[in-house]
Amino acid sequence: MQPFTLNYARPAGQLDVTTPYAYDSTLQLNVLPDGRIAATDHAILLTLGTTTSTAGSKTHFDD
């Protein structure tokens, strides 16, 4: 038996987004190309609203 919701489920689309930061596994934080912690850059936070990484839950902020 197939669950009802599978009749309407669609695969998630890919987003063409590039982030101005990268995850640093040593610091376990997102960092900017110049080495600063991304969560301290106010312009990025205002633009993106968060600096979440794919290393963990998308609902948690880097701190």
Task: Of all residues in segment 1-31 being more than 17 Å from Leu48 (Cβ to Cβ) and touching a strand residue (DSSP E or B) at 6+ places or on another chain (Cβ under 8 Å), the one that is modelled with the highest pLDDT - done: Asp24
TODO: Go through segment 18-33 residue by residue and tally those that are assigned to a loop (DSSP other than H, G, I, E, B) and either open to solvent by 100 Å² or more (accessible area, probe 1.4 Å) or not hydrophobic (A, V, I, L, M, F, W, C) (or both).
DONE: 8
Open item on the list: Go through (1) assigned to a loop (DSSP other than H, G, I, E, B); (2) modelled with pLDDT under 90 for Ile44 and report which single condition fails.
Closed with: (1)
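The values are calculated or read from the model by the stated rules, or taken from the named source; none is laboratory data. These numbers were taken from a predicted model, which means no experiment stands behind them. Cβ sites come from the backbone with ideal geometry, for glycine too, and all protein chains shown count toward neighbours. Quick note on the areas: whole protein, heavy atoms, side chains included, nothing else; ligands and nucleic acids left out. Shrake-Rupley method; radii C 1.70, N 1.55, O 1.52, S 1.80 Å.
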